[in-house]
């Protein structure tokens, strides 16, 4: 009996140990760092306890970064889910099995590209003088639209690249989930003369509720790590209009001031907010 | 007495160097740098340095931001590198923190430090001492399209007023030509860098004689307004672009005139990088604009070189890596962005490669080059904050220049 009870711990032990080393150690280090006044230029530091956290809430740039991150989350998560579900339904309804395969392969390619490469490619594509995307506007109107020079234009452009990578990928996942559904409820709805959108609204999507919630949370967590995309495409600009929390933390830690303790306090706030927010969302949606 | 002893020790080391050069280094040097074609080329000659000093070297490369972060972290803690790659932006921090030592006494005289471009030497100085030997850098050049100026019946402008008037006249977006290309992207090394000459030309100073902030002045307001006015004629894409975007627009034939960092001169004469090779002319910036001096180079680390002989060894590497011979090799390999010596700009090989016009302009612009940023460890923070505000002014998120400068002053006082 004893052996039977301890066996799960034997299997779980190594994995938990790796998890503790990989996750807990850097997290505790970041928390410890955030309670000090350490900078890159002065290795000697003192404990200032919560001073960094108090300073954050009177820092306009941090509050702006929080707001930008919130906008970014709502925009990219909702657009990714809408694009993913929309394309998946379109493929499910209109494409043959062969075309579904071909489109699935094509839709997976963007997410396989490293984010930095995708950001460079799209940044150049949106260039007002040479970009392929802006070419029709130049050719037809003679205008040179510079979308990255406007606060909302920059935000929407960077979000577009994010959705281009993840929305298409999610479309493939959702399509495969739909294909795996039992056909009987869908056939029953068709016999009852339900319209195409009604079948998905009332049958297929409710049946996929749990995997869709999982996808939504995965995307929400992924969207929080938008640093590479933002850094390459806008560096947080124009001004601070696309400066997300991770971009601001990096700026404070490494580009501008070397305030690594202050940057760590932002990282800790981000982590706490993420855990609280996603736990409550998960519980709410999972009811 | 201690100083005398150090000097005597150093002399002994240098004499030993002459007599028995191979014994100056006891172990391989570790160098932290950022990727440069010239440094890749340098690694081909590691045997030459080994023969000269008795030891080899190993270079670790990181891109600019990572190199800055890593070198700060290394220098302030373990000190594992003998030679650091430093630049104009982090020199005050490295020098004032004692992480590097002045070159004086460790840079062998025969390598001719005075031959480096005057502008780069002024950037490499802090607190009256020279701290690094330049690998790349320079001041500013005015680069213009000879065909467009001739067609418009204009002479290359010599003053700021003539420059602005010529830009207005040559600005013809309907035919795909823009008057100028500026830098709008936020950053102390981006938009602020191109704004600095205007600030200085209008008499602006970062601090007064007592060290108090003095930048919030009529000079700053006028410089900013002039910069914003000029942006009406700047090529699309430069409002949030930096050196690459503005010089890219010029080299692709979309821009009539530009004042930019000196490496643009040779880049615009390189057929692999430029479509205006045959129709490009060069001159120093129009008066009263000074050149915005910048430089990157090698400095001797303090912590990893505790003994005088260690410092002499690192000094020998710094001198050898930036020597006339290495520069001649870079010129022969067609690496124009990494030339730093006056003797190179005036050499027959340089004139043959890039033309006499560029050679003369490079020599003249060195005398006009100044350190325009605030030489203080807090510059990065102040300069980058001003860069964000300036980008907002350029892209229209802000409109009140004076109120913006007031806000910057409040921020500066909190540093």
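Every read-out reported here was derived from the displayed coordinates using simple, explicitly stated rules and does not represent laboratory data. Note that the coordinates shown come from a computational prediction; the quantities given were computed from them, not determined experimentally. Because the Cβ atoms are built from the backbone with ideal geometry, glycine has one as well, and the counts that use them run over all protein chains shown.
Assorted remarks:
- Degrees separating the helix B:379-395 axis from the principal Cα axis of chain B, which is the longest one: 20 degrees
- Shown is the FRET efficiency for residue B:28 and residue A:63, computed with R0 = 60 Å from the Cβ-Cβ distance and rounded to the nearest 0.05: 0.75.
- With Cα atoms, 0 to 90° folded angle of helix B:308-321 axis to chain B main axis: 50 degrees
- Axis of helix B:218-230 versus longest Cα principal axis of chain B: the two differ by about 70°, to the nearest ten degrees.
- Using the Cβ-Cβ distance between residue A:28 and residue B:363 with R0 set to 60 Å, the FRET efficiency from 1/(1 + (r/R0)^6) comes to roughly 0.55.
- On the principal axes of its alpha-carbon atoms, segment B:312-415 has extents of 52, 39, 23 Å, going from largest to smallest.
- Peptide A:226-238, shielding by other chains (average Cβ, 10 Å cutoff): 3
- For the protein assembly as shown, fraction of C-alpha pairs farther apart than 51 Å, in %: 22 percent
- Rounded if a/c under 1.5, otherwise prolate or oblate - chain A, Cα gyration tensor axes: oblate
- FRET efficiency, 1/(1 + (r/R0)^6) with R0 22 Å, evaluated for residue A:181 and residue A:285 via beta carbons: 0.65
- Per residue of peptide A:144-154, the mean number of Cβ atoms on other chains within 10 Å of the residue Cβ is 4.
- Exercise: per-residue mean of other protein chain Cβ atoms within 10 Å, A:251-259: 6
- Value at 222 nm in deg cm²/dmol, rounded to 500, when DSSP H runs of n ≥ 4 in chain B each add -39,500 (n - 2.57): -13500 deg cm²/dmol
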